[in-house]
Each structure stands twice: as structure tokens, then as C-alpha cells.
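Right, one structure below, let's go through it.
The values are calculated or read from the model by the stated rules, or taken from the named source; none is laboratory data. If you're wondering where the values come from, they're calculated on a predicted model, not measured in any experiment. Cβ sites come from the backbone with ideal geometry, for glycine too, and all protein chains shown count toward neighbours.
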Amino acid sequence: MPAHHAARDVDPLGAHQRGRARPGAVVPINHFSGSYTCDVETERQLLDQGRVVLSYVDNPNGSVANIAGIANEAGNVVGLMPHPERATSNLMGSTDGTVLLGSLLSAAGASVSNA
């Protein structure tokens, strides 16, 4: 499912300019009928605080504000609806998950290599 980045401190899809993803980036979802829900106040807080780390381009499930991933207030825990681990090899149809996982690790201060 195509997704794009919408956060201030994480660059999940390796975009050169924050807030812009590579065209056609694909990270699979596997939650069937699940979607992110919250009340209006929580939605406003998440958006105002820049805690939405991933958004759907085409919202496949009706998630509030196209939210595909959020971070906690400290920014050290991220919850995602897409499954980047299912897009880590061309045999799986995409390697965009590797870029997303690497970017999240880099944002957390981890050393990332392309080995």
C-alpha cells in the first residue's frame, strides 16, 4: 500500500526533503479491517505535536487523518499499521520496508549499514 511520510523528525521513506516520499513507495499492510481511530482532541494533539510518523497516500481502511503510524510523546516508540518487514526483499515485491526501518533506526540514533 503506498504510504508517505508526515512527521518532523523521522524520514521513513528516505525522502531528500522532509515530508516528501519517493514516488510509488510501497509498504504492505496486513490488518484486514483495522484502522487507526481517536477522538478529535487526540487527532489535533498528534498532528500539532508532529507525532504522526507515517500517513497513507490512499487511505485503505478509513484511518483518522490518514494516519498509518504514530510516535509516543518521547518519540522513542513508534506504532505502525504498515508492515515494513514484509517489504525487505525484491522477492517480496518491494524493498521500501528496508528504507523505512533504516530511517526509523537512524532517527533513534542507531548505526545503520547497508550490508
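Structure notes:
- Restricted to the stretch 81-115, and to residues there that are in contact (Cβ under 8 Å) with a residue 40 or more places away in the chain and touching a strand residue (DSSP E or B) at 6+ places or on another chain (Cβ under 7 Å), the residue that is farthest from residue 30 (Cα to Cα) is 104.
- Answer residue from the stretch 65-82, given it is surrounded by fewer than 16 Cβ atoms within 10 Å (Cβ to Cβ) and not small (Gly, Ala, Ser) and is nearest to residue 110 (Cα to Cα) among those: 76
- Among all positions in the stretch 106-113, there is at least one residue which is over 25 Å from residue 34 (Cα atoms) and either acidic (Asp, Glu) or in a helix (DSSP H, G or I) (or both).
- In the stretch 91-115, the qualifying residues are those that are over 13 Å from residue 78 (Cα atoms), surrounded by 11 or more Cβ atoms within 10 Å (Cβ to Cβ) and of a type in the set (A, V, I, L, M), and the one that is modelled with the highest pLDDT is 92.
- Residue 40 out of contact with any Pro (no Cβ under 8 Å at 6 or more places or on another chain) and modelled with pLDDT of 85 or more: yes
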